[in-house]
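Only one structure is covered here, and it is reproduced in the block below.
The values are calculated or read from the model by the stated rules, or taken from the named source; none is laboratory data. Computed from a predicted structure; not experimentally measured. Backbone-built Cβ (ideal geometry, glycine too); neighbour counts: all protein chains shown. Calculation scope for accessible area: heavy atoms of the full protein, side chains included, ligands and nucleic acids excluded. Shrake-Rupley method; radii C 1.70, N 1.55, O 1.52, S 1.80 Å.
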Amino acid sequence: MMKTTKILIAIALAAPMGAMPAFAQGITTSALRGLDSRAPIDVDADRIDVLDQQNQAIFTGNVRVRQGNLTLEADRIKVAYSRPVKGDPVIQRLDADGNVRLATPSERASSRFGIYDVSKRILTLIGNVVLTQGTTKVQGNRLTIDLASGRSTLDGKTSTGQAGSRVSGRFAVPDRK
C-alpha cells in the first residue's frame, strides 16, 4: 500500500526530474528526452488558415499535433515555418493556446499556453501547469523541457518573470518496513 505526502516546495524546482530527492520517486527524466525533432509532424484540426507571406499556418478547433511519442493538443496552434528555395516548408515553432494538453506514453501535462521551439528542441508550458507522471503530480506556472537532455524545470514565476504562485507537488512514498 502506498502512502502519499504533500510537499510544498519553497523554491523553483530547478533540478532535472530524474535527479530529485529519493522522496520524489516516481518522477523521472521526461519521456521526451531524445525526441527526434526532425521526425514528421502530423497536424489535424477543424480549420487551417495559411498566411503564406508571413510563413505561418493557424490551426483552430480540436487541434492535435503528433511527433514521435509526443502529442500536443489545443484549441488553437500557430505554426511558424521557413520556406527553403527548394523543398517543403520547415516547421520552426508551434505556439499553442487554449486548453493545452501534452501527452507521452508515461506523462501528461496541461496549461493555458504552450510553445514548442522545434529548432532549439525546447518545449515550454505556461499558465496553471499540471504535470502528472504515474501517481506523482506537480503544479506550477512554467514548465520547460529540454528535449535533448530530458531536463524538466518547473517554477512558480509568471511569464513576465514576476513572482507568482509557488510550485507544489504530491509524490508517492512507498511503505518502509
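General observations
- What the Cβ-Cβ distance of Asp52 and Arg93 gives, at R0 = 22 Å and to the nearest 0.05, is a FRET efficiency of 0.85.
- If R0 is taken as 22 Å, the Cβ-Cβ distance between Thr60 and Thr144 corresponds to a FRET efficiency of 0.30.
- Surrounding net charge for Val63, when Lys and Arg each add one and Asp and Glu each subtract one, Cβ distance under 13 Å: -2
- Percent of alpha-carbon pairs separated by more than 16 Å within region 96-177: 53 percent
- At R0 = 35 Å, FRET efficiency that the Cβ-Cβ distance of Lys86 and Lys120 yields, to 0.05: 0.90
- With every protein chain in place, region 97-177: carbon and sulfur % of accessible area (1.4 Å): 50 percent
- Taking label positions 7 Å along the Cα-Cβ direction at both Ser106 and Val173, the computed distance is 2.3 nm, reported to one decimal.
- The trypsin sites (Lys or Arg not before Pro) of region 39-97 that meet both conditions, a loop assignment by DSSP and at most 10 other Cβ atoms within 10 Å of the site Cβ, are Lys86.
- Compactness of region 28-162, expressed as Rg and Dmax over alpha-carbon positions, Å: 14.7, 49
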